[in-house]
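Chemist: Before I ask anything, let me first share the structure, which is written out below as structure tokens.
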Amino acid sequence: MNYQTIDEIYAANDKSFEKLKSLVSTLSDEQSDFLPEDEKWTIAKIVEHISIVENGMMRICAKLLKEAQAKGETSDGKANITADFLQNLSGAREQKLEAPEMVHPSGNQTIAKSLEKIEETRKTLEEMRPLFKSVGCTEAKFPHPAFGPLNANEWLALLGGHEMRHTQQISRLLKKI
């Protein structure tokens, strides 16, 4: 996950979304709503959570890019991912993280609707790509509950990492069905 360019982050995020879609788009209602005894969320709830989190991450990125743009920060399209971010992320792979209440799923959304919301967020992020490539993202930061202050590029990279983490979780759940 050591990205050199914004385009590499977008490519990795697209790949993670394709994996998620291929894994969940054909599940039956029974599979979507199955809750193993040792789990908190169904697959449908996990996908809904992803849709909520990604929308929030997109909004954070927009805010940070706007701040950086107002300050006149420019970029050459490089990713500007800090060593601290990479270290924190690699340490978190083995940890069980608890999602804040504000991004908990309602349980009232289908996988199809959640995927639709993710696609809407991804469309907006794609529209933001030129800003990511031209606006410097080193100074403006927003705190993540587990990783501390992150810049817009780190939030963008985290979006795909978060999605991949939950795709792996869904794969494990499907083995229990």
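Chemist: Do you know which residues across segment 156-177 are open to solvent by 60 Å² or more (accessible area, probe 1.4 Å) and either touching a helix residue (DSSP H, G or I) at 6+ places or on another chain (Cβ under 9 Å) or part of a loop (DSSP other than H, G, I, E, B) (or both)?
Modeler: Hits for segment 156-177 are ARG165, ILE177.
Chemist: If you don't mind, there's one more thing I want to ask. Take segment 58-77 and flag every residue that is without any contact (Cβ under 8 Å) to a residue 60 or more places away in the chain and either acidic (Asp, Glu) or in a loop (DSSP other than H, G, I, E, B) (or both).
Modeler: Just the residues of segment 58-77 that are without any contact (Cβ under 8 Å) to a residue 60 or more places away in the chain, to begin with: 59, 66, 70, 72, 76.
Passing the criteria: GLY72, ASP76.
Chemist: Take the residues in segment 125-147 that are within 16 Å of the chain's Cα centre (by Cα) and under 25 Å from PRO100 (Cα atoms); name whichever of them is least open to solvent (accessible area, probe 1.4 Å).
Modeler: LEU125
Chemist: Which ones in segment 100-112 are in contact (Cβ under 8 Å) with a residue 60 or more places away in the chain, open to solvent by 60 Å² or more (accessible area, probe 1.4 Å) and either in a helix (DSSP H, G or I) or in contact with a helix residue (DSSP H, G or I) (Cβ under 6 Å, 6 or more places away or on another chain) (or both)?
Modeler: ALA112
Chemist: Sort through LEU150, LEU173, LEU97, LEU156 and tell me the only one that's touching a Pro at 6+ places or on another chain (Cβ under 7 Å) and hydrophobic (A, V, I, L, M, F, W, C).
Modeler: Going through LEU150, LEU173, LEU97, LEU156 in turn, the sole match is LEU173.
Chemist: I would also like to ask the following. Only one of (1) over 14 Å from the mean Cα position of the chain (by Cα); (2) part of a helix (DSSP H, G or I) is not met by ASN153, so which one is it?
Modeler: (1)
Chemist: I need a count of the residues in segment 2-57 that are of a type in the set (A, V, I, L, M), open to solvent by less than 70 Å² (accessible area, probe 1.4 Å) and assigned to a loop (DSSP other than H, G, I, E, B). Spell out how you get there, then give the answer.
Modeler: Filtering segment 2-57 down to residues of a type in the set (A, V, I, L, M) leaves 6, 9, 11-12, 20, 23-24, 27, 35, 43-44, 46-47, 50, 52-53, 57.
From the residues that got through so far, the ones that are open to solvent by less than 70 Å² (accessible area, probe 1.4 Å) too are 6, 9, 11-12, 20, 23-24, 27, 43-44, 46-47, 50, 52-53, 57.
In the following step, the residues that additionally are assigned to a loop (DSSP other than H, G, I, E, B) were identified as 27.
Residues in segment 2-57 being of a type in the set (A, V, I, L, M), open to solvent by less than 70 Å² (accessible area, probe 1.4 Å) and assigned to a loop (DSSP other than H, G, I, E, B): 1 in total.
The values are calculated or read from the model by the stated rules, or taken from the named source; none is laboratory data. The structure displayed is predicted, hence computed values, not measured ones. Note: ideal-geometry Cβ built from the backbone for every residue, glycine included; neighbour counts use all protein chains shown. For accessibility, only protein heavy atoms count, side chains too; no ligands or nucleic acids. Shrake-Rupley method; radii C 1.70, N 1.55, O 1.52, S 1.80 Å.
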